[in-house]
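Engineer: Pasting a structure below so you can have a look.
The values are calculated or read from the model by the stated rules, or taken from the named source; none is laboratory data. Treat the numbers as computed from the prediction; the structure is a model and nothing was measured. FYI the Cβ positions are ideal-geometry reconstructions off the backbone, even for glycines, and counts take in every protein chain you see. Accessible surface areas use protein heavy atoms only, side chains included; no ligands, DNA or RNA. Shrake-Rupley method; radii C 1.70, N 1.55, O 1.52, S 1.80 Å.
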Amino acid sequence: MTLKKLLFAAAMLALSLNMSAQQSYEINLWPNGPAVKSSDAGDTAKVKVFLPEKKSATGRAVVICPGGGYQHLAMDHEGYDWAPFFNNMGIAAIVLKYRMPHGEKDVPISDAEEAIRLVRRNAANWNINPDDVGIMGSSAGGHLASTVATHAAKDARPDFQILFYPVITMMPDITHKGSHDNLLGSNARKKDENNYSNDLHVSRMTPRAFIALSDDDRVVLPANGVNYYIELYRHDVPATLHVYPSGGHGWGNRDSFKYHNEMQLELKAWLRSF
């Protein structure tokens with residue numbers, strides 16, 4: 001076989017493997033209507049399920065919450081683009097399209113909690129261990145993920161959390177204003193700001209965490225993720241914090257992020273540590 005044919009065959013094999021990793025199906029999260037109604041009746045919650053090949057499945061799953069300031073969703077680089085990474089590790093990836101809050105905080109929170117429950121209900125069919133279901137979120141999706149990790153009842157509480165440049169606090173001096181206003185309203189009560197500042201609600205029951213962010217993030221202050229890590233440490237919750245020298249905000253799974261390879265290697269190592 002000529003070199004040209006060998007290269008073509010290799011390219012076709014790589015393409016077929018990538019297509020296999022991308023096989024998925026979409027599920028309406030609330031087929032009988034949502035538990036918490038939104039002011040936007042046309043906004044529906046869905047999940048897109050990406051399962052690894054059965055022979056390589058580890059039983060682990062992660063629900064992925066893209067960011068977007070609780071105003072829109074970065075579904076690709078903070079959502080769907082992560083599926084091959086997890087599937088190649090034998091981990092099921094469930095990308096959540098959650099509804100926007102429009103000032104009603106329980107709308108996206110109820111969606112994220114139901115997504116965890118959905119995965120556990122389908123554990124047998126999807127070759128998933130119901131006691132190994134994590135949650136991942138980026139930016140405002142990181143706030144949603146950490147809210148579920150610190151507030152949810154046991155049936156919806158994840159077993160681990162992965163947070164990229166997360167919004168953690170709702171305190172006005174440190175929070176991301178857009179996320180704060182869209183979730184709680186611009187004139188939020190101090191009680192709500194307190195309740196959804198997730199660093200204040202860490203306990204020994206909070207699941208282990210992987211946190212990654214950039215030192216030069218000017219959109220969501222690094223103090224959000226750093227303060228969360230400190231509280232996890234104080235409560236003896238296993239956690240790891242990675243602060244990259246540059247990259248700003250919103251890099252997701254993009255190759256253009258300068259520390260993309262290091263980030264993936266560090267996340268893989270962490271996922272293999274438990």
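Engineer: Looking at region 202-216, is at least one residue polar (S, T, N, Q), more than 22 Å from Ala74 (Cα to Cα) and buried (at least 19 other Cβ atoms within 10 Å of the Cβ)?
Structural biologist: yes
Engineer: Let me ask you something else. Does at least one position in region 84-97 carry a residue that is in contact (Cβ under 8 Å) with a residue 40 or more places away in the chain, within 20 Å of Gly185 (Cα to Cα), among the β-branched types (Val, Ile, Thr) and surrounded by 20 or more Cβ atoms within 10 Å (Cβ to Cβ)?
Structural biologist: Checked against the condition, which is being in contact (Cβ under 8 Å) with a residue 40 or more places away in the chain, within 20 Å of Gly185 (Cα to Cα), among the β-branched types (Val, Ile, Thr) and surrounded by 20 or more Cβ atoms within 10 Å (Cβ to Cβ), region 84-97 yields no hits at all.
Engineer: If Tyr80 meets every condition in (1) of a type in the set (Phe, Trp, Tyr); (2) touching a residue at least 60 places away in the same chain (Cβ under 8 Å); (3) open to solvent by 10 Å² or more (accessible area, probe 1.4 Å) apart from one, which number is that one?
Structural biologist: Unmet condition: (2).
Engineer: Check region 163-174 and report whether any residue there is of a type in the set (D, E, K, R), farther than 17 Å from Ile211 by Cβ and without any contact (Cβ under 8 Å) to a residue 12 or more places away in the chain.
Structural biologist: Yes: region 163-174 contains one or more residues that are of a type in the set (D, E, K, R), farther than 17 Å from Ile211 by Cβ and without any contact (Cβ under 8 Å) to a residue 12 or more places away in the chain.
Engineer: Taking region 121-151, which residues are open to solvent by 10 Å² or more (accessible area, probe 1.4 Å) and more than 30 Å from Asn227 (Cβ to Cβ)?
Structural biologist: Within region 121-151, Arg121, Asn122, Ala124, Asn125, Trp126, Asn127, Ile128, Asn129, Pro130 qualify.
Engineer: To continue, here is another question. Where in region 167-274 are the helices (runs of 4 or more DSSP H), entirely inside, with at least 3 residues that are over 28 Å from Ala156 (Cβ atoms)?
Structural biologist: 260-271
Engineer: More than 18 Å from Asp40 (Cα to Cα) and not polar (S, T, N, Q): is that true of Ile109 in this structure?
Structural biologist: no
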